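J.: Provided herewith is a single structure, encoded as structure tokens, for subsequent inquiry.
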Amino acid sequence: SLSVAKSKVNLFKKGQVQDLEGLEESLGDLIQQARLLSHRLHPSYLEKIGLKRSIISLLDKIEKNTGIITSYDVEPSIDNLSLVKQTQVYRILQECINNTIKHADAKSIKVLITKDEGEYSFVYRDNGKGIDFSSSKNQGLGMMTIKERVSKLKGKLQLLSQPKKGFYLTIKFQ
């Protein structure tokens, strides 16, 4: 949409288009889209209800809408993390869930967040098909995004999976 708007301005400058009719409305729509995207990138409900309740709410919605059984045990102090870290953890969880729903054919998801001696441990597991990490097709954008988010947490990522034995992700961070 931005490219179209820019092209229209360039054509107007060259005299190939006589007016910029509709451009203001198009730019207004683009501004609204940008606002919506920015709000999605920074989930306000984390600020309002905290990470723990946001995770529980997300897992409850997944269970209700997909039939995948979810369980969790989330350390309450997770809400004391900075909003930036909370957002990274939440987005990692969303990506894991999306992968489970799309690819794993899993019946259950378990999320554990514990804290021991100042270090958090985030564990995500499903009982789906598993992933063959040696295959390049399983090193897509989702996994790359998770790795980038773990890096932003200054965390350590461990991925374990075997065909027909599910997916297991652990992240250690402070």
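J.: In debye to the nearest 20, how big a dipole does the chain give about its Cα centre with +1 on each Lys and Arg Cβ and -1 on each Asp and Glu Cβ?
T.: That gives a dipole near 440 debye.
J.: Per-residue ellipticity at 222 nm for the chain, helices alone: DSSP H runs ≥ 4 residues times -39500 (n - 2.57), over residue total, nearest 500 deg cm²/dmol? Before the final figure, lay out the partial values.
T.: On the way: 5 runs with 83 residues, N = 174.
Mean residue ellipticity, 222 nm, calculated: -16000 deg cm²/dmol.
J.: To the nearest 20 debye, what charge dipole does segment 1-97 have about its Cα centre, counting +1 at the Cβ of each Lys and Arg and -1 at the Cβ of each Asp and Glu?
T.: Charge dipole, segment 1-97, about its Cα centre: 240 debye, nearest 20.
J.: Regarding segment 9-73, what are the three Cα extents along the principal axes, ordered largest first, in Å?
T.: Here the spans come out as 64, 27, 14 Å, largest first.
J.: Still on this structure: Could you pull out every residue, at least 5 positions away or on a different chain, whose amide H is within less than 5 Å of the one on Val74? Hs are placed 1.01 Å off N in the peptide plane, and Pro or chain starts have none.
T.: Ile113
J.: Mind checking which of Ser7, Asn98, Ile56 is farthest towards the positive end of the chain's charge dipole, using Cβ charges of +1 (Lys, Arg) and -1 (Asp, Glu) about the Cα centre?
T.: Asn98
J.: Per residue of segment 58-71, in order, report the coupling 6.51 cos²θ - 1.76 cosθ + 1.60 (Karplus, θ = phi - 60°) as ³J(HN,Hα) in whole Hz, putting x for Gly and Pro.
T.: 4, 5, 4, 5, 4, 4, 5, 8, 10, x, 6, 6, 10, 9
J.: Further, regarding this structure: So what are the ³J(HN,Hα) numbers for segment 17-31, from phi and the Karplus equation (6.51, -1.76, 1.60; θ = phi - 60°), rounded to whole Hz, Gly and Pro as x?
T.: With the stated coefficients, segment 17-31 comes to 10, 7, 8, 10, 4, x, 5, 4, 5, 4, 5, x, 5, 5, 4 Hz.
J.: If you don't mind, there's one more thing I want to ask. On a straight-distance basis, which aspartates and glutamates could pair with Lys64 in a cross-link, Cα separation under 14 angstrom, same-chain partners fewer than 8 positions away excluded?
T.: Cα-Cα hits under 14 Å: none found.
J.: Let me have the relative contact order for segment 38-174, percent, based on Cα pairs under 8 Å that are six or more residues apart.
T.: 22
J.: For Leu2 and Thr114, calculate 0.36 nm times their separation in residues minus their Cα-Cα distance, and state this gained length in nm to one decimal. Numbers along the way, then the final one.
T.: Details: separation 112, 0.36 × 112 = 40.32 nm, distance 4.41 nm.
Fully extending the segment from Leu2 to Thr114 adds 35.9 nm.
J.: Report the full-extension gain for the segment Ile69 to Phe12: residue separation times 0.36 nm, less the Cα-Cα distance, to one decimal in nm.
T.: Numbers: separation 57, 0.36 × 57 = 20.52 nm, distance 5.70 nm.
14.8 nm is the gain from fully extending Ile69 to Phe12.
J.: Subtract the Cα-Cα distance of Lys172 and Val84 from 0.36 nm times their separation in residues, and report this length gain in nm to one decimal.
T.: On the way: separation 88, 0.36 × 88 = 31.68 nm, distance 1.61 nm.
Additional length available on full extension: 30.1 nm.
J.: Calculate one ³J(HN,Hα) per residue across segment 89-105 by plugging θ = phi - 60° into the Karplus curve 6.51 cos²θ - 1.76 cosθ + 1.60, and present them in order as whole Hz with x for glycine and proline.
T.: 4, 4, 5, 4, 4, 4, 5, 4, 4, 4, 5, 4, 5, 6, 10, 8, 6
J.: Ok, one more. In whole Å, what are the Cα extents of segment 69-126 along the three principal axes, biggest one first?
T.: 35, 20, 14
J.: Lysines within cross-link reach of Lys152: Cα-Cα under 24 Å, excluding same-chain residues under 8 positions apart?
T.: Within reach: Lys48, Lys52, Lys85, Lys110, Lys115, Lys172.
J.: Which entry is the computed Rg and Dmax of the Cα atoms in Å for this structure: [x] 17.4, 59; [y] 20.9, 68; [z] 16.7, 46?
T.: Step by step, Rg and Dmax of the Cα atoms in Å for this structure corresponds to label [y].
Each reported figure results from applying straightforward, stated rules to the coordinates on display, with no laboratory input. On a predicted model such as this, the values are computed, not experimentally measured, just so you know. In this analysis, Cβ positions are derived from the backbone assuming ideal geometry, glycine residues included, and neighbour counts consider all displayed protein chains.
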